[in-house]
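The structure appears right after this line, and notes come after that.
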Ligand code: HEM
């Protein structure tokens, strides 16, 4: 909601995709399923771009189990290291113009390996990652089709409290229910 409100072109593309999915459903009582959210390629990229720009978690820790060298530094066994997602996800080497919300970064093969890890990685990677994306896409579908919204604090900051991110003032918005389902714009 935060990023779509600021990016009308992304909003329009995501809405168009959701209306196409909506047309595939028999009637408006038919619930979305796993296959439907897999078809939401553009919206999924927008969810990923949200997780890049504002990863829910600031990062995560790892125990060093043997000495290793990194960028000229020796990191000894027994140390605890912190992988900062907010830093990695904004590295201009991998994400040109990193403060721009741009879902197209995830098209094709997407970002370089190990530069986008909002759900961690390796054997301890978040087991809820696909479920979380699925839930976000179902929410996005219903929100886009039924409501419009605008931010009440246009430049509200995203802050981290206890390592969890969120808009500083809880994202106050003006939410309006649509009178009619929007039509797909053929252009
Ligand atoms: C946007 C939503 C979510 C984000 C950004 C997120 C992120 C993360 C991250 C960064 C980790 C640490 C991974 C690592 O150390 O490599 C983690 C672990 C975990 N997450 Fe999530 N998570 C999300 C949603 C969920 C959901 C919906 C569930 C369950 C249904 C879940 C269950 C877990 C569990 C059980 C672990 C611990 C895994 C382990 O230590 O083996 N998460 N999550």
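Values quoted throughout were computed directly from the atomic coordinates according to the rules given, and no laboratory measurement underlies them. Remember, predicted model here, so these are calculated numbers, not experimental data. Here the Cβ positions follow ideal geometry from the backbone for every residue, glycine too, while neighbour counts run over all protein chains shown.
Before moving on, here are some points about what is shown:
- Rounded to the nearest 10 degrees, the angle from helix 41-53 to the longest Cα principal axis of the chain is 40 degrees.
- Within the range 124-141, backbone nitrogen closer than 20 Å to the virtual label 7 Å beyond the Cα of residue 23 toward Cβ: 141
- Whole-number percent relative contact order across the chain, with pairs defined as alpha carbons under 8 Å at least 6 apart: 25
- Residue-span extension gain [residue 80 to residue 165] - 0.36 nm each, minus C-alpha spacing: 28.4 nm
- Residue exposure proxy: 74, 148, ordered by other Cβ atoms within 10 angstrom of their Cβ from fewest to most, comes out as 74, 148.
- Between 0 and 90°, nearest 10: helix 129-146 axis offset from the chain longest Cα axis: 30
- Cβ-based exposure ranking for 16, 93, in which fewest neighbours within 10 Å come first: 93, 16
- Whole-number percent relative contact order across the range 136-187, with pairs defined as alpha carbons under 8 Å at least 6 apart: 40
- Nearest-ten-degree value, helix 8-24 long axis tilted from longest Cα axis of the chain: 60
- Per-residue [θ]222 nm for the chain (sum of -39500 (n - 2.57) over DSSP H runs n ≥ 4, rounded to 500): -10000 deg cm²/dmol
- On the principal axes of its alpha-carbon atoms, the chain has extents of 62, 36, 28 Å, going from largest to smallest.
- Principal semi-axes in Å for the range 9-83 [√(5λ), Cα gyration tensor, largest first]: 44, 14, 9
- DSSP finds beta bridges in the range 1-95, and of those with both partners inside it, around 100 percent are antiparallel.
- Here the simple spin-label model places points 7 Å from the Cα toward Cβ, and for residue 41 and residue 6 these points are separated by 2.7 nm.
- Burial ordering of 6, 28, fewest other beta-carbon atoms within 10 Å first: 28, 6
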